[in-house]
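The values are calculated or read from the model by the stated rules, or taken from the named source; none is laboratory data. All values derive from a computational prediction rather than experimental measurement. Neighbour counts run over all protein chains shown; Cβ positions are idealised from the backbone, glycine included. Accessible surface areas use protein heavy atoms only, side chains included; no ligands, DNA or RNA. Shrake-Rupley method; radii C 1.70, N 1.55, O 1.52, S 1.80 Å.
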Amino acid sequence: MLKLATFALTGALLAAPAFAQEVIGNAEAGAKVFAKCQTCHTVANEAGEVLAGKGAKTGPNLYGIAGRKAGSYPEFKYGASLVALGESGFVWDEASFVEYVNDPSKFLKAKLNDPKAKGNMSFKLPKEEDAQNVWAYLVSLAPAAAPASN
């Protein structure tokens, strides 16, 4: 009985990070808000198929942004502050994305502890709910997680 309880507890603890990754926003509402983002950003998969946006390249492709190192999308020229953030090991999650799109320069200054840090993205999504919805939308377009191997 003790072994079964230990196994169940271990399983619950290992599953806890998965629950922490639950998306707060609404993907359908995020699709509508993303219309504001598509002027600069696209969401295109590995095959080049555009899933959202109009193929804009002013900003980086947002496909698979969840868990991606900041400033690391191939062949995109990021600003120095975003590159520095990525080089620190920072990866995108929902809370950071929501904070970043609210005020990119303020976010970078705080994360890098550098009052001169600045973001190149001038557009802001000041409503937290809008940002959460865009994140949910981007996650809904992301590649499926690889199944765990036994």
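Miscellaneous remarks
- Alpha-carbon centroids, segment 26-43 and segment 93-138: separation in whole Å: 15
- Interchain or long-range residues, amide H under 5 Å from Ala52's placed H: Val43
- For segment 51-150, alpha-carbon Rg relative to the globular expectation (2.2 N^0.38 Å, N residues): 1.10
- Counted by Cβ distance under 13 Å from Phe90, the other residues give a net charge of 0, where Lys and Arg count +1 and Asp and Glu count -1.
- Rolling a 1.4 Å probe over the heavy atoms of the protein chains gives segment 34-102 an accessible area of 52 Å² per residue.
- The accessible surface of segment 85-150, taken with every protein chain in place and a 1.4 Å probe, is 50 percent carbon and sulfur.
- Coordinate range along principal axes, alpha carbons of segment 20-73, Å, largest first: 31, 26, 19
- Unsatisfied cross-links (Cα-Cα over 27 Å) in the set Lys54/Lys127; Lys32/Lys116; Lys57/Lys124; Lys77/Lys116; Lys32/Lys109: Lys32/Lys116; Lys32/Lys109
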